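Report on the structure given below.
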Amino acid sequence: MIFSDKQPVTVTVCHYQNSRSTFSVDGGKGIPFLNGDALRLTRSKYGLSIIEAGDGFYGAVHNKLITPIK
């Protein structure tokens, strides 16, 4: 999904029956959410530069899976 950076985005947890919800970023440890908890996302005043060297993460994984062990 793509959202405008002009307005905050709020996600409110609504559990169905005995389901559970967690929030995680980039595969990190999940933070449990209770029914009615809300997560509010806003644009940061800080920028982010992504630097990729060589084949990058997915290229390295691909090479390790495809290249035979010597």
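The values are calculated or read from the model by the stated rules, or taken from the named source; none is laboratory data. Model, not experiment: these values are computed from the prediction. Don't worry about glycine lacking a Cβ; one is built from the backbone with ideal geometry, like all the others, and counts go over all protein chains shown. Only protein heavy atoms, including side chains, enter the accessible area calculation; ligands, DNA and RNA are left aside. Shrake-Rupley method; radii C 1.70, N 1.55, O 1.52, S 1.80 Å.
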- Item | Under 30 Å, Cα to Cα: Lys pairs in the chain, sequence gap 8 or more or different chains | 4
- Pick out which of 33, 23, 57 has the largest mean-square fluctuation in a Gaussian network model of the chain, springs linking Cα atoms closer than 10 Å. 57
- Mind listing the long-range amide H neighbours of residue 21? Cut-off is under 5 Å, sequence gap 5 or more, other chains count too, H placed in the peptide plane at 1.01 Å from N. 33
- Message: Taking amide H atoms as placed 1.01 Å from N in the peptide plane, list the residues 5 or more away in sequence, or in a different chain, whose amide H sits under 5 Å from that of residue 37.
- Response: 13
- Note on the structure: Computed over the Cα atoms of the chain, the Rg and Dmax in Å are 18.6, 54
- Note on the structure: Charge tally for neighbours of residue 8 with beta carbon under 11 Å away, counting Lys, Arg as +1 and Asp, Glu as -1, is +2
- Message: As I understand it, the value is the acute angle between the Cα axis of helix 56-66 and the longest principal axis of the Cα atoms of the chain; what does it come to in degrees, rounded to 10?
- Response: 60 degrees
- For the chain, accessible area per residue (1.4 Å probe, heavy atoms of protein chains only), Å²: 103 Å²
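Which percent of the accessible heavy-atom area of the chain goes to carbon and sulfur, probe 1.4 angstrom? Kindly include the intermediate steps, with their values, before the conclusion.
Numbers: 4130 of 7220 Å².
Carbon plus sulfur share of accessible area: 57 percent.
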